[in-house]
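K.L.:
Handing you this structure, nothing more for now.
The values are calculated or read from the model by the stated rules, or taken from the named source; none is laboratory data. Just so we're clear, the structure is a prediction, and the values are computed from it rather than from any experiment. Every residue, glycine as well, gets a Cβ built from its backbone with ideal geometry; the counts of neighbours run over all protein chains shown. Surface areas here come from the heavy atoms of the whole protein model, side chains and all, with no ligands, DNA or RNA. Shrake-Rupley method; radii C 1.70, N 1.55, O 1.52, S 1.80 Å.
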Amino acid sequence: MRSYQETLDYLYSQLPMFQRTGAAAYKNTLGNTLVLDEIYEHPHRSFKSIHVAGTNGKGSVSHMLASVLQEAGYKVGLYTSPHLVDFRERIRVNGDVISEQAVVDFVDSFDRINKTACLEPSFFEITVAMAFWYFRLMEVDVAVIEVGLGGRLDSTNIITPELSLITNISLDHVALLGNTISQIAAEKAGIIKAGVPVVISESNPEYNTVFTEKAMAENAPIYFADQEYTASYSTMLPGGQQNFNFHKNGRLYYEGLKTDLLGSYQKHNVAGVLKASEILAKAGWKIGLEAIYQGLRKVKENTGLRGRWEVVGANPMVVCDTGHNEAGIRELVEQIRQTAWQKLYMIIGMVSDKDVDHVLALLPHEAHYVFTQANIPRALDAHELASKAGQLGLKGEVIPNVKQAVAKILSIAQPRDLVFIGGSTFVVADYFS
């Protein structure tokens, strides 16, 4: 039997891991997942589920839904990826991470079984199987399952959920999912199941038809949340929460709806959660107004979510965010513009398989930049990032180590300045680690 650390070393070093190595770890088939599911006697059939896909926002939405369901009194499993600091963040029950012993037990069982099965699974395939196995073990009532990449061929896509939710679609992972919005939408639409209602958080003429046609083919009711629920603006409360007034079909419906997830872009995600909660309630789930209000107010407390416009320091204000593609960065830049600061510092690192030039073109020219890189093989070299940024008029310095970059800027930033840390989930992870 391995120790927990030995088990992690095995998972990270022996199994292909997309977060670290990129496309080489991506499996364009559900073959291994279906075999693992058979071996473990179909654990996902023992609990109800909600499936969440999308380019940006799917992590926030998954945590919001889990929090609302917890507040409604359900025992809730939550599977998300990637993690920031601890592998166990990926698999939670009512906010509590999977135990170290459970991780060891599952991997040991897989090793025994695989002596005859002879599978060569990816890191993600194993972690999905582990999550479903653990949720059955813990006898959850419902599990909120976040898609890892795409949808149609994602390892999570063996479930038949109570409801599917797709947040939005933008260009990301184009080498694997397609280089047009409609192609990517078709991959995400792969989670739409026969007769299962699907909520689209953000409608868009570029992809509405893709989802509508897929839903019609599957006889699945489809709802575009932002066509019913809207919040024109949000206010920040002294206690570190965001306050919305949400209208439903033009009438004030959720007054003073608060969430501890900051960033004005969360209004899109909340709209999807409100519509999903309404559909589930009509289907017999005991989700009342109190559960919605309390669930959204306590997302971080209930689920442990981090890294979404998270304020980690004051005087100067220090913010980190995991947004990393063109659409996500566009929202972040708008948020920065809405934030008061005297001088802006941007500590930025990216991964090498992103559309770096398009992202850099969105960033504010008035900032002082520190170009850095996360401690993973996929990270783009900080000097190369600085060179690309310089060609677009972004000026600054290179400090390859994330923690050293942050320490340097905090030593010179003044109380009224803003320090932003991001560009990649893994830069934020290095900051927290």
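K.L.:
With every protein chain left in place, what is the accessible area of TRP133 in Å² (1.4 Å probe, nearest 10)?
P.N.:
Probe radius 1.4 Å; accessible area of TRP133 about 40 Å².
K.L.:
Short version: ³J(HN,Hα) in whole Hz for each residue of segment 419-433, in order, from phi by Karplus 6.51 cos²θ - 1.76 cosθ + 1.60 (θ = phi - 60°), x for Gly and Pro, what are they?
P.N.:
10, 10, 10, x, x, 7, 3, 7, 5, 4, 4, 5, 5, 6, 6
K.L.:
Separate question: Give me a comma-separated list of calculated 3J(HN,Hα) values for segment 295-305, in order, Karplus coefficients 6.51, -1.76, 1.60 applied at θ = phi - 60°, integers in Hz, x for any Gly or Pro.
P.N.:
Per-residue couplings from phi come out as x, 6, 6, 10, 4, 5, 5, 7, 10, x, 5 Hz.
K.L.:
Top to bottom by accessible area (1.4 Å), largest first, where do MET64, MET138 land? If you can, show how the numbers build up before the last one.
P.N.:
Details: MET64 0, MET138 60 Å².
Output order, biggest surface exposure first: MET138, MET64.
K.L.:
Still on this structure: If segment 147-282 were replaced by its equivalent ellipsoid, with semi-axes equal to the square roots of 5 times the Cα gyration tensor eigenvalues, what would those be, largest first, whole Å? Mind dumping the intermediate values first?
P.N.:
Working: eigenvalues 152, 60, 37 Å².
Taking √(5λ) for each eigenvalue gives 28, 17, 14 Å, largest first.
K.L.:
Give me the accessible area per residue for the chain, probe 1.4 Å, as a whole number in Å². Let's see the in-between values first.
P.N.:
On the way: 17460 Å² over 433 residues.
Accessible area per residue, the chain: 40 Å².
K.L.:
Still on this model: Straight-line reach only, C-alpha to C-alpha below 24 angstrom: list the lysines that LYS395 could link to, leaving out same-chain residues fewer than 8 apart.
P.N.:
Once the sequence-local lysines are set aside, what remains near LYS395 is LYS343, LYS354, LYS403, LYS408.
K.L.:
Here's something else I'd like to know. Ordering THR7, THR212 by how much accessible area each has at a 1.4 Å probe, largest first, what is the list?
P.N.:
Working: THR7 0, THR212 45 Å².
From most exposed to least exposed: THR212, THR7.
K.L.:
Provide the net charge surrounding LYS343, with neighbours chosen by a C-beta distance below 15 Å and charges set as Lys +1, Arg +1, Asp -1, Glu -1. Write out the running numbers ahead of the final one.
P.N.:
Numbers: positive: ARG337, LYS395, LYS408, ARG416; negative: GLU366, GLU397, ASP417.
Charge balance near LYS343 sits at +1.
K.L.:
Mind ranking ILE412, ILE184 by accessible surface for me, highest first, 1.4 Å probe? Write down the numbers at each step before the final one.
P.N.:
Details: ILE412 70, ILE184 0 Å².
Final ranking, largest accessible area leading: ILE412, ILE184.
K.L.:
Check which residues have an amide H placed less than 5 Å from PHE224's amide H, if you skip close sequence neighbours.
P.N.:
Counting only residues 5 or more places away or on other chains, the set is ILE200.
K.L.:
Probe radius 1.4 Å, ligands and nucleic acids ignored: give me the carbon and sulfur share of the accessible area of the chain as a rounded percent.
P.N.:
Values: 8490 of 17460 Å².
Carbon-and-sulfur percentage of accessible area, whole number: 49.
K.L.:
Starting at the first residue of segment 272-286, write each ³J(HN,Hα) from the Karplus equation 6.51 cos²θ - 1.76 cosθ + 1.60 with θ = phi - 60°, in whole Hz, x for Gly and Pro.
P.N.:
x, 5, 5, 5, 4, 5, 4, 5, 5, 4, 5, 8, x, 6, 7
K.L.:
Continuing with the same structure: Under 5 Å between amide H atoms, partner at least 5 residues away or on a different chain: which partners does ASN204 have, H built in plane at 1.01 Å?
P.N.:
Under 5 Å from the amide H of ASN204: no residue qualifies.
K.L.:
Could you work out [θ]222 nm for the chain from helices alone, using -39500 (n - 2.57) per DSSP H run of at least four and dividing by all its residues? Round to the nearest 500 deg cm²/dmol.
P.N.:
Numbers: 17 runs with 168 residues, N = 433.
Helix contribution divided over all residues of the chain: -11500 deg cm²/dmol.
K.L.:
Oh, and also: Once each part is reduced to its C-alpha centroid, what is the distance from segment 24-75 to segment 190-261 in angstrom?
P.N.:
20 Å
K.L.:
Next up: Quick one: of LYS48/LYS188; LYS48/LYS282; LYS75/LYS286; LYS48/LYS286; LYS267/LYS298, which pairs are farther than 18 Å apart, Cα to Cα? Don't skip to the answer; put the middle values down first.
P.N.:
On the way: LYS48/LYS188 21 Å; LYS48/LYS282 16 Å; LYS75/LYS286 13 Å; LYS48/LYS286 14 Å; LYS267/LYS298 16 Å.
Result: LYS48/LYS188 exceed 18 Å.
K.L.:
Right, next: If amide hydrogens are placed 1.01 Å from N in the peptide plane, which non-local residues have theirs closer than 5 Å to the one on GLU397?
P.N.:
TYR369, VAL370, PHE371
K.L.:
Please list the three semi-axes, largest first and in whole Å, of the ellipsoid equivalent to the chain, using sqrt of 5 times the eigenvalues of its alpha carbon gyration tensor.
P.N.:
Working: eigenvalues 205, 154, 87 Å².
They are 32, 28, 21 Å, listed from largest to smallest.
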